[in-house]
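*Asks:* The structure that follows is given in the form of structure tokens.
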Amino acid sequence: MTDGFAPEVVEAVLAHMNDDHRDDSLRIVRAFGRPQATAAEMVGLDEHGGVWWVETVDEGGGDGSELRVAWPSGTITDRAAIRREVVALHEEAERRLG
């Protein structure tokens, strides 16, 4: 899932998101399709969007699955755009969730 970006760029973004922005990732996944999420980890990205592994807990026990969220501006091609798009996703998540 590294089409369009060098593997080291993807690894750096994932490390940053998962080390410094776990709460932001959780808000993003809750706002974009998994409102019952209890944890989220960014596991991939490409020029079309980001991918998170989402943990949920329901009455039947814990479960997990992937969630792909498209970049708000569409296809991106440069590293700087990744940050811009993740920030835009987070801002939209804040708007949706209040």
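The values are calculated or read from the model by the stated rules, or taken from the named source; none is laboratory data. Bear in mind the structure is a predicted one, so any value in this text is a computation, not a measurement. For neighbour counting, all protein chains shown are included, and Cβ atoms are generated from backbone atoms with ideal geometry for every residue, glycine included.
*Asks:* For the stretch 73-85, which positions are in contact with a Lys or Arg (Cβ under 9 Å, 6 or more places away or on another chain) and surrounded by 13 or more Cβ atoms within 10 Å (Cβ to Cβ)? Let's see the steps before the verdict.
*Replies:* Here is the first cut: in the stretch 73-85, the residues in contact with a Lys or Arg (Cβ under 9 Å, 6 or more places away or on another chain) are 73, 76.
Scanning the stretch 73-85 gives a single hit, Ile76.
*Asks:* Six or more apart or on different chains, Cβ atoms under 7 Å: show the pairs whose first residue is in the stretch 68-88 and on the phi > 0 side of the Ramachandran plot and modelled with pLDDT of 95 or more and whose second is assigned to a loop (DSSP other than H, G, I, E, B) and surrounded by 12 or more Cβ atoms within 10 Å (Cβ to Cβ).
*Replies:* none
*Asks:* Of all the residues that make up the stretch 49-98, how many are hydroxyl-bearing (Ser, Thr, Tyr) and not in a strand (DSSP E or B)? Walk me through it before giving the result.
*Replies:* We begin by selecting, within the stretch 49-98, every residue hydroxyl-bearing (Ser, Thr, Tyr); these are 56, 65, 73, 75, 77.
Going one step further and asking which of them are not in a strand (DSSP E or B), we end up with 73, 75, 77.
Going through the stretch 49-98 one residue at a time, the tally reaches 3.
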